[in-house]
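Structure first, then comments.
The values are calculated or read from the model by the stated rules, or taken from the named source; none is laboratory data. The structure displayed is predicted, hence computed values, not measured ones. Cβ placement follows ideal geometry from the backbone for every residue including glycine, while neighbour counts extend to all protein chains displayed.
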Amino acid sequence: MKKGYGPFSETCTAPAERSDRMCDIVLAHVARTGRIRLLDVGCGTGSLAFRLADALPAAELTGIDVSPANIRAAEAQRATHQAAARLRFEAADYLTWTAPEPFDAVVTDGVLHLIPGDTTRLLRKLADEVAPGGVLVCGMPYECAYNSAFSVVRRGLRAVRSTWLDDAILKIGRLLHRSEMTDAGLRERIPYMYIPPVRMMNPAFAASASASELALVARYRMPSASLSQLRHCVIVFERGRGTS
């Protein structure tokens, strides 16, 4: 398995309020009744997938993640979840993974900016996985001065990464987030401090999406949980009904 976009030995669980926000946005753009199929790209430990399964009682959900640790955690929770039969998790590199058939919705949160390679190729693959009339819902950093500056900081941190720097980042995290995050949660996020974004939401990204027959239909704000987090937004695209 390619190790190109993120840590693999640890789990990474999205904050509950972030998954709640993503779930609400997805629910605003998919059918609430009837059998629909959803794909969560970079599902982590399944926090969004489980919420969607609870909210959409007839939906079938597939979650894929490049981290086996994340998938093991998701599978452990799936085993006792009431929607276990409608949930499937798989450890896979999205760039080499093939969907058995298109999905009514593809969702991805905090992942697209980490996947290496050509943006047009990535968006074409995502579009191919969305059924005509379906939606792609993606949470990702957007182009702004803050994100550009912090990308430079992350590149600098990556160049000098060491155990003492990991420890320093953890100590700063404790000071900033002592009341809302455990040490385990903070440690999950340390590796991401060294990963600058490969791409951000900007006019070039939107143009590549349009070329892949994905029409922009909505944009939402995603509140930031930390000063060290890149500023994110949630973009919703619809695949043209005339595509095949």
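Numbers below:
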{"item": "Options LEU136, LEU114: the member that is under 22 Å from the mean Cα position of the chain (by Cα), closer than 16 Å to ARG189 by Cα and touching a residue at least 60 places away in the same chain (Cβ under 8 Å)", "result": "LEU114"}
{"item": "Residue match in segment 33-55 (condition: more than 26 Å from MET181 (Cβ to Cβ), out of contact with any strand residue (DSSP E or B) (no Cβ under 8 Å at 6 or more places or on another chain) and at pLDDT below 95)", "result": "yes"}
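Residues checked against (1) closer than 30 Å to LEU123 by Cβ; (2) out of contact with any Phe, Trp or Tyr (no Cβ under 7 Å at 6 or more places or on another chain):
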{"site": "PHE150", "(1), (2)": "yes, yes"}
{"site": "LEU157", "(1), (2)": "yes, no"}
{"site": "VAL160", "(1), (2)": "no, yes"}
{"site": "ALA168", "(1), (2)": "no, yes"}
{"site": "ILE172", "(1), (2)": "no, yes"}
{"site": "ARG187", "(1), (2)": "no, yes"}
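Rundown of residues vs (1) assigned by TED's automatic domain parsing to the domain that holds ILE36; (2) modelled with pLDDT under 95; (3) of a type in the set (Ser, Thr, Tyr); (4) touching a Pro at 6+ places or on another chain (Cβ under 6 Å), yes/no style:
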{"residue": "VAL111", "(1), (2), (3), (4)": "yes, yes, no, no"}
{"residue": "GLY134", "(1), (2), (3), (4)": "yes, no, no, no"}
{"residue": "ALA149", "(1), (2), (3), (4)": "no, yes, no, no"}
{"residue": "VAL160", "(1), (2), (3), (4)": "no, yes, no, no"}
{"residue": "ALA168", "(1), (2), (3), (4)": "no, yes, no, no"}
{"residue": "MET181", "(1), (2), (3), (4)": "no, yes, no, no"}
{"residue": "ARG189", "(1), (2), (3), (4)": "no, yes, no, no"}
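Here's the yes/no breakdown for (1) over 22 Å from ALA207 (Cα atoms); (2) aliphatic (A, V, I, L, M):
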{"position": "THR80", "(1), (2)": "yes, no"}
{"position": "ALA85", "(1), (2)": "yes, yes"}
{"position": "ASP118", "(1), (2)": "no, no"}
{"position": "LEU122", "(1), (2)": "no, yes"}
{"position": "GLU143", "(1), (2)": "no, no"}
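Residue by residue, here is whether (1) more than 30 Å from SER208 (Cα to Cα); (2) among the small types (Gly, Ala, Ser) holds:
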site	(1), (2)
THR119	no, no
CYS138	no, no
PRO141	no, no
ALA149	no, yes
GLY156	no, yes
ASP167	yes, no
ARG174	yes, no
